[in-house]
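The values are calculated or read from the model by the stated rules, or taken from the named source; none is laboratory data. The structure presented is a predicted model; accordingly, all values stated were derived computationally and were not measured. Backbone-built Cβ (ideal geometry, glycine too); neighbour counts: all protein chains shown. Note: accessible area is taken over every heavy atom of the protein model, side chains too, but ligands, DNA and RNA are not part of it. Shrake-Rupley method; radii C 1.70, N 1.55, O 1.52, S 1.80 Å.
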Amino acid sequence: MKITFSVNGTNRTIDVPADMPLLWILRDTLDLKGTKFGCGQALCGACTVHINGSATRSCQVPASALNGRKVVTIEGLSAQASHPLQQAWQELDVPQCGYCQAGQIMQAADLLSSNPQPTDEDIDAAMYGNLCRCASYHRIRAGIHRAAELAASSRASTQQDADSTQGVA
Amino acid sequence: MSTPSPILARRDFLRVTAVAGGGMLLGTMVDFAGIGVVNAMEPAGEFMPNAFIRISGAGVITILAKNPEIGQGIRTMLPMLVAEELDVAWQQVIVEQAMSDEAKYGSQFAGGSMATPTNWEPLRRAGAAGRQMLVAVAAASWNVPVGECTTEAGVVHHESSRRRATYGELASRAATMTPPALDAVKLKDPKDFRIIGKSIPGVDNLKIVTGKPLFGIDVTVPGMLYAIFEKSPVFGARVASANVDEVRGLPGVKQAFVVEGTTNLSGLMPGVAILADSWWAARSARRQLRVTWEQHPTAQQSSAGFRARAKEFFAAAPQTVARQDGDVVTAFAAAAKVVEAEYEYPFLAHAPLEPQNCTASFANGKLEIWAPTQAPQGGRQLVAQTLGIKPEDIAIHMMRCGGGFGRRLLNDYMVEAAWIARQAGVPVKLVWSREDDTQHDFYRPAGFHKLKGAVDANGRITAWENHFATFGDGQRFAQAASISPNEFPISFIPNALFGVSQMPLGVPTGFLRAPTSNAIAFVYQSFIDELALAAGKDPVQFRLDLLDQGGIVAATPAAPASPVNAARMKGVLELVAEKSEWGKRKFPRGSGVGVGMHFSHRGYFAEVVEVNVSQRGEVKIVKVWVAGDVGSHIINPSGAMAQVQGSVLDGIAQAMKQEITIDGGRSVQTSLADYELLRITEVPPVEVHFRTTEFPPTGMGEPALPPVIPALASAIFMATGKRIRSLPLARHDLSWS
Ligand code: FES
Ligand code: FES
């Protein structure tokens, strides 16, 4: 079937089988390899992307459900790795093999967008379904806290900039 | 924070071609890493003192990462060794993955925690040789003694004349020199290390967090088809018939055929290949595939059957006695107390998150392979033998692996892709489903132990006997199913016997992170706790006393001395006891601590686990303390910490809930729904301490895993009074009142 949907801000029109999951559309049709295949059964979270702003397992979303949707993948999370999670992940050296990490970051980005200062319990609840076979979980948790900090300080400095601009005016 | 650091941005310019090295490239190379197609020609005037270093006239310093990266951090750590002695700043270095070429790079293998001990000196020497040549060129051109020149961050200085030259400026002249003999070069005094000992983040982190193609599963080759390979769930069964004609007509399907396969359980097994223009099309067509499999004797095998057979073995004497010290019969008769117990552990899967996959292209008698593999050289041999082609006609690109854990030491998926690509006549990307991955692993073999131990009136162990029931044909053990007769505490006890009985196995088995150790540490350390209890001694003190008992009097070829250095083992045991305040805390019923220690892969680890067990039997791990001794240096503390914490959590996952059950000659478990991985909610704090000793540094990928399992089991005993003699814990009712 022919569908049109937005991927990382660009409208794409493609012709694929109606039951083809978004995961494989991204990886094989659109050549966006950042979203990973781990299980194909909603059991691991490696395939997590944002659909209309919510973290979603792309292996479970068929082409037929995509028309008009806005999809953001790890490749489109930020320009130049500037998202606080991407910064924190590098700073704390979170990845081991790295295979789960795109999914972890996309899930965590959803968490931070609704809950900018999550507790450990909030993190556990949000990240429960994102498996890391290497068990980099200590650093995933620390990375989310660090990203929250980075985001808070950049909000504070933006606010300061705004205040000082007003001061000058 | 919005612009990436210059280091990482520069790494993105990695020139893929040079990875190919000595003429292994087939024309230009495919741009799988998102970098651009480039030509294989090397510009003239580059300084390449050896296979690991390349310095261009423009000052670009490239270090080759020789080994497969499976998440253990080796692509970062080995180049650190070269960079240290070359004396460049890490920020200047571009790390490039080497091709599989053992003639050029030496052993390229990710297993046995071997990379650190085997490369620690050679790679530093490779770096030092490069530095020595650059210094010699600078000194000659300034007409000053070599000894007056110093280096730092890729620059040679002559202090008194205030002259300096960058490595790039010296490269073309250095390129004309003959490299020195590696064993003659001088290495730094460790106190001058600038990179070794610093936490260096993984060199691929930027690509990982931005989703750049990097892993085996991300490879794209022009004109390739996507393949699925269906094998019999009963291991090794051949195809009797399959509706391949019908499958060929399904949407997107280009080819479908039966592969006869071989009888090598670690090689090309029989099956049916479906090739389509997308993986999804191949996978959809697979649902219409109908295969009748031939009868196979393995269908008679089951976990329950293995257990029953082990019981029969235990009712008789072992088939073979692999080691006998002193006289156990007399020692048992004279003992103050004798303890007997049977232990067992299940088959386990590796379950790396990236399912097995491989891309292969066969043209003009030559094969090019892109594989996530831990053992590329083994893969080359297997493919060469199976396809009947020459090993030198196979080029292997070592792709980053989405987890290894020992699974990718065996290259079944590589030979499948190679065979299918040659038969299909087009490049093929084979990707297994999660179900394929779960049902066609090389499982950690199950094992059964009947133990008998004696303590004397002073509470010392006087006799130790183990009857090990395992798998083999009577001549040879099944893969990874043997255990060393010399494993600690044997040779620390005067009277000991290690007997073995083997039963046949048709299930493929292999090496799982800390192979052997991940099983035997649970059994032996738990049994040592049982003996400590019988002796009325504290488990830590009991172990210290055992270590003090020392090796046997006279080691012989049949009864060698223990490989365990008692002083190093005591060192970590005392350290973990101190850090966990062992013996100083009181625990109410339902809570407890346990200790375990183990020597493997040249590393010494002792661990303490604290648990709470609810009255309903739910286990919560409160904390884990780890003490490790891997020698004189922790080369990359960030990577080391990740490996230790990851290993400990891996051990916890195995102990808590993992099990592969064989029934009807197949794995009962088929996915992550019934073979569960650890979740973030199950992760306790893991506090790690290292004790540095004068020994050369050794590997970190495995030795921290084994002790946590018995430590957890004995903590549960303290909390509930229930002795854990089989795994996983999920099998046990741990409720108490
Ligand atoms: S691949 Fe979608 S949840 Fe595992
Ligand atoms: S880093 Fe390997 S699966 Fe998470």
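Which members of segment A:31-64 meet the condition of being buried (at least 20 other Cβ atoms within 10 Å of the Cβ), over 10 Å from the mean Cα position of the chain (by Cα) and more than 10 Å from ligand 1 (Cβ to nearest atom)?
A:Leu32, A:Lys33, A:Gly34, A:Ala63
Give just the number: which of (1) open to solvent by less than 30 Å² (accessible area, probe 1.4 Å); (2) more than 7 Å from chain B (Cβ to nearest Cβ); (3) among the aliphatic types (A, V, I, L, M) does A:Leu131 not satisfy?
(2)
Go through segment A:134-154 and give me each residue that's within 16 Å of ligand 2 (Cβ to nearest atom) and either more than 20 Å from B:Gly639 (Cα to Cα) or open to solvent by 20 Å² or more (accessible area, probe 1.4 Å) (or both). Write out each step before concluding.
Step one: of segment A:134-154, the residues within 16 Å of ligand 2 (Cβ to nearest atom) are A:134-144.
If the condition is that a residue be within 16 Å of ligand 2 (Cβ to nearest atom) and either more than 20 Å from B:Gly639 (Cα to Cα) or open to solvent by 20 Å² or more (accessible area, probe 1.4 Å) (or both), then A:His138, A:Arg139, A:Arg141, A:Ala142 are the ones that fit.
Where residues in segment A:88-119 are touching a strand residue (DSSP E or B) at 6+ places or on another chain (Cβ under 6 Å) and within 14 Å of ligand 2 (Cβ to nearest atom), which of them is most open to solvent (accessible area, probe 1.4 Å)? Talk me through it step by step, then tell me what you get.
Taking segment A:88-119 first, the residues touching a strand residue (DSSP E or B) at 6+ places or on another chain (Cβ under 6 Å) are A:103, A:106-107, A:110.
Imposing the further condition that a residue be within 14 Å of ligand 2 (Cβ to nearest atom) reduces the set to A:103, A:106-107.
Values: A:Gly103: 0, A:Met106: 0, A:Gln107: 26 Å².
It comes out as A:Gln107.
Could you tell me whether B:Glu368 is within 30 Å of B:Ser562 (Cβ to Cβ) and part of a strand (DSSP E or B)?
Details: within 30 Å of B:Ser562 (Cβ to Cβ): no; part of a strand (DSSP E or B): yes.
In short, no.
Residue-by-condition table, conditions (1) at negative phi; (2) hydroxyl-bearing (Ser, Thr, Tyr); (3) more than 16 Å from ligand 1 (Cβ to nearest atom); (4) modelled with pLDDT of 95 or more:
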site: A:Gln96; (1), (2), (3), (4): yes, no, yes, yes
site: A:Gln117; (1), (2), (3), (4): yes, no, yes, yes
site: A:Asp122; (1), (2), (3), (4): yes, no, yes, yes
site: A:Tyr128; (1), (2), (3), (4): yes, yes, no, yes
site: A:Ser136; (1), (2), (3), (4): yes, yes, yes, yes
site: A:Ile144; (1), (2), (3), (4): yes, no, yes, yes
site: A:Ser153; (1), (2), (3), (4): yes, yes, yes, no
site: A:Thr158; (1), (2), (3), (4): yes, yes, yes, no
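Residue by residue, here is whether (1) facing chain A (nearest Cβ under 10 Å); (2) open to solvent by 30 Å² or more (accessible area, probe 1.4 Å) holds:
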| residue | (1), (2) |
| --- | --- |
| B:Ala653 | yes, no |
| B:Gln658 | no, no |
| B:Thr661 | no, yes |
| B:Ser667 | no, no |
| B:Leu672 | yes, no |
| B:Arg679 | yes, yes |
| B:Pro684 | yes, no |
| B:Glu687 | no, yes |
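Could you give every pair whose Cβ atoms fall below 7 Å, whose first residue belongs to segment A:129-146 and is farther than 20 Å from B:Gly404 by Cβ and assigned by TED's automatic domain parsing to the domain that holds A:Pro116, and whose second residue is of a type in the set (S, T, N, Q) and more than 9 Å from ligand 2 (Cβ to nearest atom), counting only separations of at least 6 or pairs across chains?
Cβ pairs passing all conditions: A:Asn130/A:Thr48; A:Asn130/A:Gln107; A:His138/B:Gln645.
In segment B:553-582, what residues are in contact with an Asp or Glu (Cβ under 6 Å, 6 or more places away or on another chain) and assigned to a loop (DSSP other than H, G, I, E, B)?
Correct list: B:Ala559 only.
Pick out the one residue from B:Gly590, B:Gly603, B:Gly617, B:Gly596 that is closer than 21 Å to B:Ala730 by Cβ, surrounded by 19 or more Cβ atoms within 10 Å (Cβ to Cβ) and in contact (Cβ under 8 Å) with a residue 60 or more places away in the chain. It would help to see each step written out before you state the result.
On the way: B:Gly590 fails: surrounded by 19 or more Cβ atoms within 10 Å (Cβ to Cβ); B:Gly603 fails: closer than 21 Å to B:Ala730 by Cβ; B:Gly617 fails: surrounded by 19 or more Cβ atoms within 10 Å (Cβ to Cβ).
Testing whether each residue is closer than 21 Å to B:Ala730 by Cβ, surrounded by 19 or more Cβ atoms within 10 Å (Cβ to Cβ) and in contact (Cβ under 8 Å) with a residue 60 or more places away in the chain leaves just B:Gly596.
Taking the criterion of being closer than 30 Å to B:Arg679 by Cβ, buried (at least 17 other Cβ atoms within 10 Å of the Cβ) and away from chain A (no Cβ under 14 Å), would at least one residue in segment B:348-370 satisfy it?
So in segment B:348-370, the residues closer than 30 Å to B:Arg679 by Cβ come out as B:348-358.
Next cut, buried (at least 17 other Cβ atoms within 10 Å of the Cβ) only: B:348-358.
From the residues that got through so far, the ones that are away from chain A (no Cβ under 14 Å) too are B:358.
The answer is yes, given that some residue of segment B:348-370 is closer than 30 Å to B:Arg679 by Cβ, buried (at least 17 other Cβ atoms within 10 Å of the Cβ) and away from chain A (no Cβ under 14 Å).
Right, A:Cys47: within 16 Å of ligand 2 (Cβ to nearest atom) and at the interface with chain B (Cβ under 7 Å from one of its Cβ atoms) or not? Walk me through it before giving the result.
Numbers: within 16 Å of ligand 2 (Cβ to nearest atom): yes; at the interface with chain B (Cβ under 7 Å from one of its Cβ atoms): no.
So A:Cys47 fails the test.
Identify, from the list B:Val564, B:Val608, the residue that is surrounded by 14 or more Cβ atoms within 10 Å (Cβ to Cβ), assigned by TED's automatic domain parsing to the domain that holds B:His689 and at pLDDT 95 or above.
The unique qualifying residue is B:Val608.
Any idea which of B:Arg290, B:Arg307 is in contact (Cβ under 8 Å) with a residue 60 or more places away in the chain and open to solvent by 10 Å² or more (accessible area, probe 1.4 Å)? It would help to see each step written out before you state the result.
Values: B:Arg290 fails: in contact (Cβ under 8 Å) with a residue 60 or more places away in the chain.
Answer to the selection: B:Arg307.
Of the residues B:Ala227, B:Ala139, B:Ala129, B:Ala171, which single one is away from chain A (no Cβ under 14 Å) and under 35 Å from the mean Cα position of the chain (by Cα)? Give the steps one after another, and end with the answer.
Values: B:Ala227 fails: away from chain A (no Cβ under 14 Å); B:Ala139 fails: under 35 Å from the mean Cα position of the chain (by Cα); B:Ala171 fails: under 35 Å from the mean Cα position of the chain (by Cα).
Just a single option satisfies the conditions, and that option is B:Ala129.
Residues that are open to solvent by 10 Å² or more (accessible area, probe 1.4 Å) and out of contact with any Leu (no Cβ under 7 Å at 6 or more places or on another chain): list the helices (runs of 4 or more DSSP H) wholly contained in segment B:376-461 that include at least 3 such residues.
Ranges flagged: B:376-387, B:434-439.
Go through segment A:93-103 residue by residue and tally those that are part of a loop (DSSP other than H, G, I, E, B), in contact (Cβ under 8 Å) with a residue 40 or more places away in the chain and within 7 Å of chain B (Cβ to nearest Cβ). Working first, answer last.
Of all residues in segment A:93-103, those part of a loop (DSSP other than H, G, I, E, B) come to A:93-100.
Next, only the ones that are in contact (Cβ under 8 Å) with a residue 40 or more places away in the chain stay: A:93-96, A:99-100.
From what's left, within 7 Å of chain B (Cβ to nearest Cβ): A:93, A:95-96, A:99-100.
Total meeting the criteria: 5.
Among the residues of segment A:66-87, is there at least one that is more than 24 Å from B:Ser278 (Cα to Cα), open to solvent by less than 10 Å² (accessible area, probe 1.4 Å), away from ligand 1 (no atom under 11 Å from the Cβ) and not small (Gly, Ala, Ser)?
Looking only at segment A:66-87, we keep the residues that are more than 24 Å from B:Ser278 (Cα to Cα), and these are A:77-87.
After this cut, where a residue has to be open to solvent by less than 10 Å² (accessible area, probe 1.4 Å) as well, the list is A:81, A:85-86.
If we keep only those that are away from ligand 1 (no atom under 11 Å from the Cβ) too, we end up with A:81, A:85-86.
Next, from what is left, pick out any that are not small (Gly, Ala, Ser): A:85-86.
Yes, because at least one residue in segment A:66-87 is more than 24 Å from B:Ser278 (Cα to Cα), open to solvent by less than 10 Å² (accessible area, probe 1.4 Å), away from ligand 1 (no atom under 11 Å from the Cβ) and not small (Gly, Ala, Ser).
Mind listing whichever residues of segment B:708-726 are in a loop (DSSP other than H, G, I, E, B), open to solvent by 10 Å² or more (accessible area, probe 1.4 Å) and in contact with a helix residue (DSSP H, G or I) (Cβ under 9 Å, 6 or more places away or on another chain)?
Keep residues of segment B:708-726 that are in a loop (DSSP other than H, G, I, E, B), which gives B:721-725.
Adding the requirement that they be open to solvent by 10 Å² or more (accessible area, probe 1.4 Å) leaves B:721-723, B:725.
Of everything in segment B:708-726, those that are in a loop (DSSP other than H, G, I, E, B), open to solvent by 10 Å² or more (accessible area, probe 1.4 Å) and in contact with a helix residue (DSSP H, G or I) (Cβ under 9 Å, 6 or more places away or on another chain) turn out to be B:Lys722, B:Arg723, B:Arg725.
Exactly one of (1) open to solvent by 20 Å² or more (accessible area, probe 1.4 Å); (2) touching a helix residue (DSSP H, G or I) at 6+ places or on another chain (Cβ under 7 Å); (3) over 21 Å from B:Ile55 (Cα atoms); (4) of a type in the set (Gly, Ala, Ser) is unmet by B:Ala136. Its number?
(3)
How many residues does segment B:151-183 contain that are in contact with a Lys or Arg (Cβ under 9 Å, 6 or more places away or on another chain), modelled with pLDDT of 95 or more and open to solvent by 30 Å² or more (accessible area, probe 1.4 Å)?
3
Restricting the search to segment B:203-214, which residues are part of a loop (DSSP other than H, G, I, E, B) and open to solvent by less than 20 Å² (accessible area, probe 1.4 Å)? So that I can check it myself, show each step before the final result.
The first filter runs over segment B:203-214 and keeps only residues part of a loop (DSSP other than H, G, I, E, B), leaving B:203-204, B:211-214.
Listed by number, the residues that qualify are B:Val203, B:Asp204, B:Gly211, B:Leu214.
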